[in-house]
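Down below is the structure, laid out as structure tokens.
The values are calculated or read from the model by the stated rules, or taken from the named source; none is laboratory data. This is a predicted model, so every value here is computed, not measured. All Cβ positions, glycine included, derive from the backbone under ideal geometry; neighbour counts span all protein chains shown.
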């Protein structure tokens, strides 16, 4: 059940929320929408779920356009909106029954679907309680249960783990992973570890435009600057610090060397090498040749966090 | 053709689902009971004082009183219907489910209308007491109840429309009250209206048509007035609900 988004633009009055966004989500893919607050994640999701129309552009879900076949699209989508709004005066069973009926589930299957959701989402103990009495974690499960009660092919979740404690986050994340196995899932978040933990693919969006698109690993690869290696070594007493620099810098692919502290004869260096190269081996050989004693060597890989930071901060720092 | 029937039954099913949820919500919260008790208490007070103090065994006072009570009771019933969904964000869940906006509006409209209907049904107690005590002309009674239901329908539609305009229930109540009050007062301010317009203004006033029906004369013009006003207001409500789409 693929989603095709083409040239999507949305204005709120004069304010542009998203600008000419295009992307595809393949069947069975878990796509993470990453971006700072007010980047346009929620707006994009609201358009895909037919809550509001775009100012320009098209969205097709399984070949059905949101403009012309809104009902068909809505039938295929399960949606968990931001902040997980629920009817607090209904109990869990009543609410799931309500959601099931609105989704037009065959009357003979409603009970069965409800029981399935209660099992899967772990709502058994609270099923007779009013939603208003439930903890945030349980409410989130109710939100997920209502979104999936009709076994949709597409699941769209706006910040599904926001406001939960770390244990609940892990629980919900596992739930999403388990349930999303056979579905096309789009979820938004500004928590990076979430994307790394759950998503096959990441789209980073900033100020209404897509700034990066790829698997978490690809993005790390693509957007890390130079590779950085930190070493700590004990040099010969006779070696002056100033003499060490050219010996390291002379290695192939080394771009720059920074002194990172030390004392007497122990020194720390940060070594930056050309993108995509690994200088550890050469470094080791050099140390052996120079009779340095290598105390530590560690490679730092750009985290997704840094990629995110880099991509979404640029605009701000320009101002 | 078979397809049309299928989609119609699914439409009715959706309306019914919304309707049941709203009715349940009225009776789960205190709203339904408060409304019914307040409604019956006010009418009961005037009814009994009329009966015992003035020695008049008639329902006329009741039929004159209820339209005035409706003015604030009906907007109180309808004020939360859409505004609360807007405030809590559940409107987003509702409108992304596979159903038409019309079905949402109709379901909510029917639920509020039914609640007014239940309150009205309970006033039959007063009818029964009068019927025991004296002879009663059933024509105006039937017409009166029919008129009250039609009037309630229009008020509920207006209140629902007011509720669709804002996410604040108090604001929704005030807008609803002002609108129904204006409609109610139209045929009472004819003195201040230029002569050429009096008949138009009078025709627009809701109480004018209600009193026609309440006399026991059911004229198609009055029925058409109520139904068209009802339909028009519901149409406005659907449009207002779709405003998010502009």
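I'd like to know if the range B:108-126 contains one or more residues that are within 14 Å of chain A (Cβ to nearest Cβ), touching a residue at least 60 places away in the same chain (Cβ under 8 Å) and under 29 Å from residue A:68 (Cα atoms).
Just the residues of the range B:108-126 that are within 14 Å of chain A (Cβ to nearest Cβ), to begin with: B:108, B:111.
Cutting the leftovers down to touching a residue at least 60 places away in the same chain (Cβ under 8 Å) gives us B:108, B:111.
Right, trim to under 29 Å from residue A:68 (Cα atoms) and you get B:108.
Scanning the range B:108-126, I find at least one residue that is within 14 Å of chain A (Cβ to nearest Cβ), touching a residue at least 60 places away in the same chain (Cβ under 8 Å) and under 29 Å from residue A:68 (Cα atoms), so the answer is yes.
Evaluating residue A:80 against the criteria (1) within 11 Å of chain B (Cβ to nearest Cβ); (2) without any contact (Cβ under 8 Å) to a residue 60 or more places away in the chain; (3) under 30 Å from residue A:133 (Cβ atoms) leaves one unmet condition, (2). Being without any contact (Cβ under 8 Å) to a residue 12 or more places away in the chain and under 19 Å from residue B:243 (Cα atoms) is the requirement here; does residue B:103 meet it? Here the answer is no, as residue B:103 does not meet what is asked.
Does at least one position in the range B:115-124 carry a residue that is within 30 Å of residue A:74 (Cβ to Cβ) and touching a helix residue (DSSP H, G or I) at 6+ places or on another chain (Cβ under 6 Å)? Yes, the range B:115-124 has at least one match.
Quick one: is residue B:232 within 15 Å of the chain's Cα centre (by Cα) and touching a residue at least 60 places away in the same chain (Cβ under 8 Å)? First the steps, then the outcome.
Details: within 15 Å of the chain's Cα centre (by Cα): yes; touching a residue at least 60 places away in the same chain (Cβ under 8 Å): no.
In short, no.
Assessment of the range A:35-56 against the conditions (modelled with pLDDT of 90 or more and more than 17 Å from residue B:96 (Cβ to Cβ)) yields at least one matching residue.
Entry remark, the range B:96-107: residues being outside any helix (DSSP H, G or I) and more than 10 Å from every other protein chain (Cβ to nearest Cβ) number 0 in total. If you go through the range A:265-293 one residue at a time, how many are exposed (fewer than 15 other Cβ atoms within 10 Å of the Cβ), in contact with a strand residue (DSSP E or B) (Cβ under 9 Å, 6 or more places away or on another chain) and modelled with pLDDT of 85 or more? So the answer is 3. Screening residue A:51 with (1) without any contact (Cβ under 8 Å) to a residue 40 or more places away in the chain; (2) out of contact with any helix residue (DSSP H, G or I) (no Cβ under 6 Å at 6 or more places or on another chain); (3) buried (at least 18 other Cβ atoms within 10 Å of the Cβ) gives one miss only, at (2).
Please count how many residues of the range B:38-59 are assigned to a helix (DSSP H, G or I), surrounded by 13 or more Cβ atoms within 10 Å (Cβ to Cβ) and either modelled with pLDDT of 80 or more or within 12 Å of chain A (Cβ to nearest Cβ) (or both).
Within the range B:38-59, the first condition is being assigned to a helix (DSSP H, G or I), and the residues that meet it are B:38-53.
Then keep just the ones that are surrounded by 13 or more Cβ atoms within 10 Å (Cβ to Cβ); that gives B:38-40, B:42-44, B:46-47, B:50-51.
Adding the requirement that they be either modelled with pLDDT of 80 or more or within 12 Å of chain A (Cβ to nearest Cβ) (or both) leaves B:38-40, B:42-44, B:46-47.
Residues in the range B:38-59 being assigned to a helix (DSSP H, G or I), surrounded by 13 or more Cβ atoms within 10 Å (Cβ to Cβ) and either modelled with pLDDT of 80 or more or within 12 Å of chain A (Cβ to nearest Cβ) (or both): 8 in total.
Residue B:93 passes every criterion in (1) surrounded by fewer than 17 Cβ atoms within 10 Å (Cβ to Cβ); (2) more than 19 Å from residue B:156 (Cα to Cα); (3) within 13 Å of chain A (Cβ to nearest Cβ); (4) free of Cβ contacts under 8 Å to residues at least 60 places away in the same chain apart from (1). Taking the criterion of being within 14 Å of chain A (Cβ to nearest Cβ) and either farther than 13 Å from residue B:157 by Cα or part of a helix (DSSP H, G or I) (or both), would at least one residue in the range B:68-80 satisfy it? Yes, the range B:68-80 contains at least one residue that is within 14 Å of chain A (Cβ to nearest Cβ) and either farther than 13 Å from residue B:157 by Cα or part of a helix (DSSP H, G or I) (or both). Considering the range A:182-285, the qualifying helices (runs of 4 or more DSSP H), each wholly inside and each with 2 or more residues that are farther than 30 Å from residue A:17 by Cα, run over A:241-249.
If the Cβ limit is 6 Å and pairs must be 6+ apart or interchain, which residue in the range A:113-131 that is modelled with pLDDT of 90 or more pairs with which residue that is loosely packed, with under 15 Cβ neighbours inside 10 Å and in a loop (DSSP other than H, G, I, E, B)? Matching pairs, first to second residue: A:131/A:88. Among the conditions (1) surrounded by fewer than 21 Cβ atoms within 10 Å (Cβ to Cβ); (2) free of Cβ contacts under 8 Å to residues at least 24 places away in the same chain; (3) on the phi < 0 side of the Ramachandran plot, residue A:38 misses just one, which is (3).
Take residue B:121 and decide whether it is at pLDDT 90 or above and surrounded by fewer than 15 Cβ atoms within 10 Å (Cβ to Cβ). Yes; evaluated as a whole, the condition is true for this residue. Kindly indicate whether residue A:73 is within 14 Å of chain B (Cβ to nearest Cβ) and without any contact (Cβ under 8 Å) to a residue 60 or more places away in the chain. Yes.
Does residue A:96 qualify as being facing chain B (nearest Cβ under 9 Å), in contact (Cβ under 8 Å) with a residue 40 or more places away in the chain and closer than 30 Å to residue A:116 by Cα? Give the derivation first.
Numbers: facing chain B (nearest Cβ under 9 Å): no; in contact (Cβ under 8 Å) with a residue 40 or more places away in the chain: yes; closer than 30 Å to residue A:116 by Cα: yes.
For residue A:96, the condition - facing chain B (nearest Cβ under 9 Å), in contact (Cβ under 8 Å) with a residue 40 or more places away in the chain and closer than 30 Å to residue A:116 by Cα - is not met.
Count of the range A:171-200 residues, restricted to those that are surrounded by fewer than 19 Cβ atoms within 10 Å (Cβ to Cβ) and at pLDDT 85 or above, is 1.
Being crowded, with 16+ Cβ neighbours inside 10 Å, in contact (Cβ under 8 Å) with a residue 12 or more places away in the chain, under 30 Å from residue B:125 (Cβ atoms) and within 14 Å of another protein chain (Cβ to nearest Cβ) is a description that does not apply to residue B:86. For the range A:257-264, the condition of being touching a strand residue (DSSP E or B) at 6+ places or on another chain (Cβ under 6 Å) and more than 28 Å from residue A:220 (Cβ to Cβ) holds for at least one residue.
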